[in-house]
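Reading through the structure tokens given below for one structure.
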Amino acid sequence: TEFVFVRRETAPDEELHYRTYASIFDELDDQIVTFRTLDIGGDKAFKATPISPELNPALGLRGIRYAMANPELFEAQIAGILRASVHGQARILVPMISGIEEIQYTREVIAKVSERLQREGKEFRADIPLGSMIEVPSAVLVIDSLAQECDFLSVGTNDLMQYLLAIDRINQRVAYLYQPLHPAVIRTLKIIADGAK
């Protein structure tokens with residue numbers, strides 16, 4: 001969904017989110033559409049909200065951290081998703097989750113936005129599944145708690161391997177360490193699968 005942000009000079013409003021997301025259902029026949037919330041930050045920025053340079057952007061303000069620091073952007077996106085969900089089967093996936101507090105925050109935002117949409121008489125659905133990206137090592141270590149808080153989980157293998165193996169995947173000097181079949185990666189995926197069950 002960050003394409004809605006990065007191609008614009010100004011921040012997208014609720015109406016743009018809604019129209020963009022609703023149009024996706026026109027192309028699908030009863031398929032579930034998973035909307036990953038904004039993963040702005042790190043190597044992805046947009047002109048309307050420039051990001052201050054960070055020494056290590058991969059470990060900085062991105063994903064849900066960026067959303068929490070910019071609640072007006074997050075609420076507009078959540079509102080667009082909730083409104084679009086009346087057109088088909090939708091679910092929300094939140095990136096860069098490091099613990100259950102961020103999922104609880106997202107549920108609070110969904111409740112807040114739902115109350116406003118109801119007051120405004122707009123059609124929407126708030127009972128859509130909420131999931132967490134598992135891509136931060138701390139999320140792996142609390143996978144049992146996250147599994148209880150979430151309706152579904154999704155493994156973000158690129159970032160998970162980057163953080164797990166302590167490598168910058170775009171740094172050619174250490175790119176050889178980016179090994180999907182590293183025993184630590186395989187064991188971590190097993191921990192995630194067991195915790196999800």
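Highest GNM mean-square fluctuation among Ile24, Ile100, Ile170, for the chain modelled with Cα contacts below 10 Å: Ile170.
Can you give me the % of accessible surface on the chain that is carbon or sulfur? Probe 1.4 Å, all protein chains present, nothing else counted. Don't jump to the answer; show the numbers that get you there.
Values: 5500 of 10550 Å².
Of all accessible area on the chain, carbon and sulfur atoms account for 52 percent.
Sorted largest first by accessible area at a 1.4 angstrom probe radius, with every protein chain in place, the residues Glu149, Glu108 fall in the order Glu108, Glu149. Counting only aspartates and glutamates at least 8 places from Lys122 when in the same chain, those with an alpha carbon closer than 13 Å to its own are Glu14, Glu15. Normalising the average separation of contacting C-alpha pairs (under 8 angstrom, six or more residues apart) by the number of residues puts the relative contact order of the chain at 18 percent.
Just to confirm a number: summing +1 for Lys and Arg and -1 for Asp and Glu over residues other than Glu72 whose beta-carbon lies under 14 angstrom from that of Glu72, what do you get?
Details: positive: Lys112, Arg116; negative: Asp13, Glu14, Glu75.
Local net charge: -1.
The residues of the chain expose on average 54 square angstrom of accessible surface per residue, using a 1.4 Å probe on protein heavy atoms.
Rounded to the nearest 500, what is the 222 nm mean residue ellipticity of the chain from helices alone, with -39500 (n - 2.57) per DSSP H run of 4+ residues and division by all residues? Walk me through the numbers on the way to the answer.
On the way: 9 runs with 90 residues, N = 197.
Roughly -13500 deg cm²/dmol at 222 nm, from the helical runs in the chain.
The values are calculated or read from the model by the stated rules, or taken from the named source; none is laboratory data. Small disclaimer: the values here were computed from a predicted structure and weren't measured. Cβ coordinates were reconstructed from backbone atoms using ideal geometry, including for glycine residues, and neighbour counts include every protein chain displayed. Surface areas here come from the heavy atoms of the whole protein model, side chains and all, with no ligands, DNA or RNA. Shrake-Rupley method; radii C 1.70, N 1.55, O 1.52, S 1.80 Å.
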